[in-house]
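Worksheet for the structure shown next.
The values are calculated or read from the model by the stated rules, or taken from the named source; none is laboratory data. As the structure is a prediction and not an experimental result, all values here were calculated from the model. Cβ placement follows ideal geometry from the backbone for every residue including glycine, while neighbour counts extend to all protein chains displayed.
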Amino acid sequence: MIPVADLLGSKLHHLLQIILLIYLTGQLYLLILTVRLHRPQKFWIVMTAFFSLGWFILAMLSDISYRFGKETFFMVRAFEGLPWGFYLVYEILMMGYLFAAFLNCHRFIYTHLTDSSIKETIDLLPAGILISLPDGTVEMSNVQMNDLCEELTNRPLTNANQFWKTIKASGESGQSHVLIRSEEDDDALLFSRSPIMIEKQEYVQILATDVTERYQAIEEVQEKNRQLREYQNRMKSYQQLAAQTIRSEEILNARRIVHDQEGHALLTARYYLEHPENVNPEALLLMLRQTNEFLLREAEDTEESDTDPIEDAASMAGAIGVKIVISGDPPTDPKLRSLVGYAMRECAANTVKHGHGDFLFVSTERFPEGLKVRLINNGIEPTEPIRESGGLLSLRHMTEEAEGKMIIETEPSFTVELTLPGLG
């Protein structure tokens, strides 16, 4: 086989040198990778030996080319006499070794924890992580934190302390937490800052967590709690209103019975004047005395009461969330004020209970024959005919007893109109 010295300047000689250079480049990469992966000492010693041997062979081939026709060292003369096939076989074996070493290193990377695998894992986390020294020097940060820094500050992440000051000034800050909300997509990010100790060295850790779902859940719970408190307050007002309504109905029924008894007593007294022989005077006197005592107590209760029926109705309506606006001059007569106050309480209760409204407009208009009162709410229009019962039925009875008229309209809005005699 032809010695390698006879191939000087040929394409085959240049090819041997190029292949050897490629091998040395790959061998250098593997040597550095072995050191970075903290492989056992024997691995990088063997690779160093192979790298040195390859470098020596390349030097010999280069020296042969340089010193051709001149006096050379004995080692160079020894390599000049070797056939070119020796170098080709050596390079083929070294390339096979290089390929096997590549596979071994990559298998080690995929089956062992390394510095790069830890960094890749941290980059895959959904949370942003930043580790720095107390002076702000960044020691480690993952991709999410780098992206957040550029998005929030329009600058790359170079100083952790400056980054914390920037986000603290642009969000809702606490002692060690900062909440930043995005107005565009309603996202919420929670940044936390805390000191940590690693091998007796103090570091500062900044974490960024996406709390959008948690924040929205908290807002929903707060809104539901607010609605529950509102419903609770309304229920309390309903209970108070129900108690007042029941008490008023009981008093009204009792007065109606007593008033019937008064009418019966007056008719009996009139009959006694016309036919004294058919009536027991003592029984008639006892009946008249009981009637007078009730009327006197009722008059005293009216005089001693400081509560105005209309003001009391407006206060009750406000307690259940209904605003009352009064237009015109309300009646001054105590009985008519009591009747109008009862009408306001009943309409306010129906506004909330049936109409789901929050506003009641009360207008009073005086005319020669008496007084007209209109009560209009902003609730939902009734879809079925109004069936008077309970409070509305009691209101009609009270209006008719006062010799007035009551009209209920459903269009364009629910309206109760009272026409009362006298100027009130």
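Going by what's in this entry, would Phe361 be described as modelled with pLDDT of 80 or more and either basic (Lys, Arg) or more than 22 Å from Glu403 (Cα to Cα) (or both)?
Here the answer is yes, as Phe361 does meet what is asked.
Restricting attention to region 367-384, which residues are touching a residue at least 24 places away in the same chain (Cβ under 8 Å) and more than 13 Å from Ala343 (Cβ to Cβ)? Write out each step before concluding.
Of region 367-384, the ones touching a residue at least 24 places away in the same chain (Cβ under 8 Å) are 369-382.
Hits for region 367-384 are Glu369, Gly370, Asn378, Gly379, Ile380, Glu381, Pro382.
Given (1) buried (at least 16 other Cβ atoms within 10 Å of the Cβ); (2) in contact with a Leu (Cβ under 9 Å, 6 or more places away or on another chain); (3) without any contact (Cβ under 8 Å) to a residue 40 or more places away in the chain; (4) farther than 24 Å from Asp260 by Cα, where does Ile407 come up short, assuming only one miss?
(1)
If you check Gln162 against the conditions, is it surrounded by fewer than 16 Cβ atoms within 10 Å (Cβ to Cβ) and either over 30 Å from Thr34 (Cα atoms) or assigned by TED's automatic domain parsing to the domain that holds Tyr29 (or both)? Walk me through it before giving the result.
On the way: surrounded by fewer than 16 Cβ atoms within 10 Å (Cβ to Cβ): yes; either over 30 Å from Thr34 (Cα atoms) or assigned by TED's automatic domain parsing to the domain that holds Tyr29 (or both): yes.
Against the criterion (surrounded by fewer than 16 Cβ atoms within 10 Å (Cβ to Cβ) and either over 30 Å from Thr34 (Cα atoms) or assigned by TED's automatic domain parsing to the domain that holds Tyr29 (or both)), Gln162 qualifies.
Within region 331-340, does at least one residue satisfy the condition of being hydroxyl-bearing (Ser, Thr, Tyr), surrounded by 16 or more Cβ atoms within 10 Å (Cβ to Cβ) and under 46 Å from the mean Cα position of the chain (by Cα)? Please lay out each step first, then the result.
Looking only at region 331-340, we keep the residues that are hydroxyl-bearing (Ser, Thr, Tyr), and these are 332, 338.
Narrowing the set further to residues that are surrounded by 16 or more Cβ atoms within 10 Å (Cβ to Cβ) leaves 338.
Keeping just the survivors that are under 46 Å from the mean Cα position of the chain (by Cα) gives none.
No; the residues of region 331-340 include none that is hydroxyl-bearing (Ser, Thr, Tyr), surrounded by 16 or more Cβ atoms within 10 Å (Cβ to Cβ) and under 46 Å from the mean Cα position of the chain (by Cα).
Have a look at Gln205, Gln222 and point out the one that is among the polar types (S, T, N, Q), assigned to a strand (DSSP E or B) and either surrounded by 16 or more Cβ atoms within 10 Å (Cβ to Cβ) or out of contact with any strand residue (DSSP E or B) (no Cβ under 8 Å at 6 or more places or on another chain) (or both). Talk me through it step by step, then tell me what you get.
Values: Gln222 fails: assigned to a strand (DSSP E or B).
So the residue among Gln205, Gln222 that is among the polar types (S, T, N, Q), assigned to a strand (DSSP E or B) and either surrounded by 16 or more Cβ atoms within 10 Å (Cβ to Cβ) or out of contact with any strand residue (DSSP E or B) (no Cβ under 8 Å at 6 or more places or on another chain) (or both) is Gln205.
Select from region 133-150 the residues that are touching a helix residue (DSSP H, G or I) at 6+ places or on another chain (Cβ under 7 Å) and assigned to a loop (DSSP other than H, G, I, E, B) and write down the one among them that is surrounded by the most Cβ atoms within 10 Å (Cβ to Cβ).
Once the filter is applied, the top-ranked residue is Asn142.
Take the residues of region 374-391 that are in contact with a Cys (Cβ under 9 Å, 6 or more places away or on another chain) and of a type in the set (A, V, I, L, M, F, W, C): which is farthest from Lys335 (Cα to Cα)?
Ile376
Going through Leu375, Leu360, Leu392, Leu418 one at a time, which residue ends up being among the hydrophobic types (A, V, I, L, M, F, W, C) and surrounded by fewer than 21 Cβ atoms within 10 Å (Cβ to Cβ)?
Leu392
Is one or more of the residues making up region 361-371 under 30 Å from Met235 (Cβ atoms) and either assigned by TED's automatic domain parsing to the domain that holds Arg229 or aliphatic (A, V, I, L, M) (or both)?
For region 361-371, residues under 30 Å from Met235 (Cβ atoms) and either assigned by TED's automatic domain parsing to the domain that holds Arg229 or aliphatic (A, V, I, L, M) (or both): present.
Of the residues Leu179, Leu130, Leu157, Leu189, only one is farther than 30 Å from Leu53 by Cβ, part of a strand (DSSP E or B) and in contact with a Cys (Cβ under 9 Å, 6 or more places away or on another chain); which?
Leu130
Say whether the condition of being of a type in the set (Gly, Ala, Ser), modelled with pLDDT of 85 or more and part of a strand (DSSP E or B) is met by at least one residue in region 335-356.
Checked against the condition, which is being of a type in the set (Gly, Ala, Ser), modelled with pLDDT of 85 or more and part of a strand (DSSP E or B), region 335-356 yields no hits at all.
Please work out which one of (1) within 18 Å of Thr332 (Cα to Cα); (2) in contact with a helix residue (DSSP H, G or I) (Cβ under 6 Å, 6 or more places away or on another chain) is the condition Gly370 fails and give its number.
Unmet for Gly370, out of (1) within 18 Å of Thr332 (Cα to Cα); (2) in contact with a helix residue (DSSP H, G or I) (Cβ under 6 Å, 6 or more places away or on another chain): (2).
Under the condition of being out of contact with any helix residue (DSSP H, G or I) (no Cβ under 9 Å at 6 or more places or on another chain) and modelled with pLDDT under 80, which residue from region 306-317 is surrounded by the most Cβ atoms within 10 Å (Cβ to Cβ)?
Top of the filtered list is Thr307.
Going by the structure shown, is Arg155 of a type in the set (Lys, Arg), in contact (Cβ under 8 Å) with a residue 12 or more places away in the chain and either crowded, with 17+ Cβ neighbours inside 10 Å or farther than 30 Å from Met47 by Cα (or both)? Write out each step before concluding.
Details: of a type in the set (Lys, Arg): yes; in contact (Cβ under 8 Å) with a residue 12 or more places away in the chain: no; either crowded, with 17+ Cβ neighbours inside 10 Å or farther than 30 Å from Met47 by Cα (or both): yes.
No.
Give Lys168, Lys119 a once-over and let me know the one that is under 30 Å from Gln27 (Cβ atoms) and part of a helix (DSSP H, G or I).
When all the criteria are applied, what remains is Lys119.
Quick check on my filter: what residues within region 103-115 are part of a helix (DSSP H, G or I) and in contact (Cβ under 8 Å) with a residue 24 or more places away in the chain?
Just the residues of region 103-115 that are part of a helix (DSSP H, G or I), to begin with: 103-111, 115.
Cys105, Phe108, Ile109, Asp115 - these are the residues of region 103-115 that are part of a helix (DSSP H, G or I) and in contact (Cβ under 8 Å) with a residue 24 or more places away in the chain.
Considering each residue of region 30-45, count those that are assigned to a helix (DSSP H, G or I) and surrounded by 14 or more Cβ atoms within 10 Å (Cβ to Cβ), and give that number.
6
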